[in-house]
Structures are given as C-alpha cells and as structure tokens.
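The values are calculated or read from the model by the stated rules, or taken from the named source; none is laboratory data. Here the structure is a predicted model, which is why all the values come from computation and not from measurement. Cβ atoms come from the backbone with ideal geometry, glycine included; neighbour counts cover every protein chain shown.
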Amino acid sequence: MTRGDPFHTTPIGDRRKVTVHAQCVSAYAARATSLDGLKLLTDSHGYLRTVVLGVPEERWGEPSPCSEWTARQVLNHARLDQQAYGAAITGEGMPTSNPFQPEDALGSGSFAELDAVLASVAAAWASVPADAEKVSTPLDPLLGPLPHWLGAGAAALDAGLHAWVRDPVGDRREMYGERFGEGQVVLARGYSDV
C-alpha cells in the first residue's frame, strides 16, 4: 500500500525503509537538541490554519498537486492525520474514516472541526514531557514510540507539508521554507531513518 500524495511515497509495509538506524537517529537527536518539536508543531498548525482560511471557497474543488485528490480531500486528509496524532497520545478520538481515502466534501463546520482537531493535538503534545523518549504516534506499528521531539516534529511536518501543498501564495511558501526549513529537514531525516 502506498500513500496517495507526493510526500507519502514510501510503501507503508516496506520494512527496509523503516529499519532502525540507531547511529543516524542519535546524530539527528543530537542536532535536534535545540529543536523544539512543540514549537514547530504550533507554528505548522498556524501555517495550516492561515492557508485554509486563505483559500477562496470556489477553489476547494480544484485539483491539488496530489495527483488524484482535490483541495477538499487534502484538507480532510490533513485533519484526519492530525486527529490520529492526538488520539495516539490520548487514546481517544481515532479517526473512523481512512485518511488515505478522504471524503471529497466540506460541511458547514469543516473549518471549525479542523481548528478543534489542531487545538486538541497541540494540547495532547503539550501534556507530554518534552524529554519523553517514547511517545505513541500513528507510526507506532512501523516505528514504535518516538522521542517527543521527533513525534511532535512528525506531526508538524505532516501539517506543514499539507499546508504547503495547498498554499496558493508563493511568498508564504518561501517564508515557510526559510523559517522552518532546517527544522523540517532534521525532522524529515530523523523520521525517515527511524
């Protein structure tokens, strides 16, 4: 099974891609000591909110860079992914629909629902000590529990990349890349090397 957007191209069941590389993880963890995963998550959630609120209603039905999805589906996928990151910590509220087959519809409360999900995810991560070495995430079946910085960072990477995919404003894309680039690169490498 392969995830359906350009940022999730690794086959989920390919254990060769998710083999533990302790030296790599240690190297990234050392670089990440100055990286605040919770701050990056908060900033990524802010970016996602800004993008969602900036997309005109008539553009939600347009195709996205994710080959077979509309902008609505990217929004629903991002919401479901974030919901899973929060539920993995709290044990409650796991999505009941498949994030990789997101609905192509937005209800009247879709944006409020996204906002509520993002707030609950941020609260869940804030409830975990920053130095926690084993935090549950939706990635547990493949990677096991992750250190706080990497788990919160993975949730941030997920939110930020989905916002970037839908962001119609090129200047914000550049700002996001400059502002979060180094942290996102460290997280992406740590995330893929676990």
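Among the numbered conditions (1) modelled with pLDDT of 85 or more; (2) touching an Asp or Glu at 6+ places or on another chain (Cβ under 9 Å); (3) of a type in the set (V, I, T), the only one that V165 does not meet is (1).
Quick check, is D81 within 25 Å of L142 (Cα to Cα), modelled with pLDDT under 85 and of a type in the set (D, E)? Taking the combined requirement at face value, the residue does not satisfy it.
I'm trying to understand the selection: among the residues of segment 35-60, which are closer than 19 Å to V128 by Cβ and at pLDDT below 85? Selection gives L35, D36, G37. Summed over segment 95-119, residues that are surrounded by 14 or more Cβ atoms within 10 Å (Cβ to Cβ) and part of a helix (DSSP H, G or I) total 7.
Given the criterion over 21 Å from D36 (Cα atoms) and polar (S, T, N, Q), identify the matching residue among S120, S136, S110.
The conditions single out S110.
So, A88, is that one modelled with pLDDT of 85 or more, surrounded by 17 or more Cβ atoms within 10 Å (Cβ to Cβ) and in contact with a strand residue (DSSP E or B) (Cβ under 9 Å, 6 or more places away or on another chain) or not? Considered against the rule, which asks whether it is modelled with pLDDT of 85 or more, surrounded by 17 or more Cβ atoms within 10 Å (Cβ to Cβ) and in contact with a strand residue (DSSP E or B) (Cβ under 9 Å, 6 or more places away or on another chain), A88 comes out as yes.
Within segment 89-108, the residues that satisfy the criterion of being over 18 Å from G61 (Cβ atoms) and free of Cβ contacts under 8 Å to residues at least 24 places away in the same chain are G91, E92, M94, P95, T96, S97, N98, P99.
Out of the residues in segment 120-144 that are out of contact with any Leu (no Cβ under 9 Å at 6 or more places or on another chain) and of a type in the set (S, T, Y), state the one that is surrounded by the most Cβ atoms within 10 Å (Cβ to Cβ). The qualifying residue surrounded by the most Cβ atoms within 10 Å (Cβ to Cβ) is S120.
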